[in-house]
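The values are calculated or read from the model by the stated rules, or taken from the named source; none is laboratory data. Everything quoted here is computed from the prediction, not taken from an experiment. As a convention, Cβ positions derive from the backbone with ideal geometry for all residues, glycine included, and neighbour counts pool all protein chains shown. Areas reflect the complete protein model, heavy atoms only, side chains present, ligands, DNA and RNA absent. Shrake-Rupley method; radii C 1.70, N 1.55, O 1.52, S 1.80 Å.
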Amino acid sequence: MKATSKARIAALILSDAQRFASLKQEIVQLDYFCKGTVLKRMMKCGNKQCACHRDPAKRHGPYLECTYKVHNKTINLKLYPEVAPLYRAAIQQYRKLKSLLGRLERLSRTALMHRAKQVQSKPRN
């Protein structure tokens, strides 16, 4: 293999390592995270005579819930209005984590390809 292509591969490997370290640092800076969705729900009450049973516009609420799955079962966690921003922020952190992991995986595939080229270019004894 030519010296220029060896130098180019070495430069790509160094660039990959720097980008990988940068993405890892972003993960370290994440705050608490959780999977789920914060929903506003309008509910019917248990009183059949209440207007909420006749008119959907007169349902009670809004009530806030955080919904997520555990072992394929949906969990609904009722939230007080002052707590909902904490869960929204944690859910945003989870989405950021997933995005970072996807970027790390794509970068890892590229870096592995560059390293494989470097290994293949070394002379065999």
- Message: Restricting to segment 14-59, name every residue that is aliphatic (A, V, I, L, M) and either over 24 Å from ARG106 (Cβ atoms) or at pLDDT below 90 (or both).
- Response: VAL38, LEU39, MET42, MET43, ALA51, ALA57
- Task: Working only within segment 45-87, note down all residues that are exposed (fewer than 10 other Cβ atoms within 10 Å of the Cβ) and assigned to a helix (DSSP H, G or I).
- Result: PRO56, ALA57
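Going residue by residue through segment 109-120, is there one that turns out to be loosely packed, with under 14 Cβ neighbours inside 10 Å, within 30 Å of ILE13 (Cα to Cα) and within 17 Å of the chain's Cα centre (by Cα)?
Going residue by residue through segment 109-120, those that are loosely packed, with under 14 Cβ neighbours inside 10 Å are 109, 112-113, 116, 119-120.
Now narrow it down to the ones that are within 30 Å of ILE13 (Cα to Cα): 109, 112-113, 116, 119-120.
Then drop every residue that is not within 17 Å of the chain's Cα centre (by Cα), which leaves none.
Within segment 109-120, not a single residue is loosely packed, with under 14 Cβ neighbours inside 10 Å, within 30 Å of ILE13 (Cα to Cα) and within 17 Å of the chain's Cα centre (by Cα).
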- In the set PHE20, PHE33, which member is open to solvent by 50 Å² or more (accessible area, probe 1.4 Å), closer than 20 Å to GLY102 by Cβ, part of a loop (DSSP other than H, G, I, E, B) and of a type in the set (A, V, I, L, M, F, W, C)? PHE33
- Pairs, please: C-beta under 6 Å, at least 6 apart or cross-chain, first residue in contact (Cβ under 8 Å) with a residue 12 or more places away in the chain and in segment 98-119, second open to solvent by 100 Å² or more (accessible area, probe 1.4 Å) and assigned to a helix (DSSP H, G or I)? LEU107/ARG19
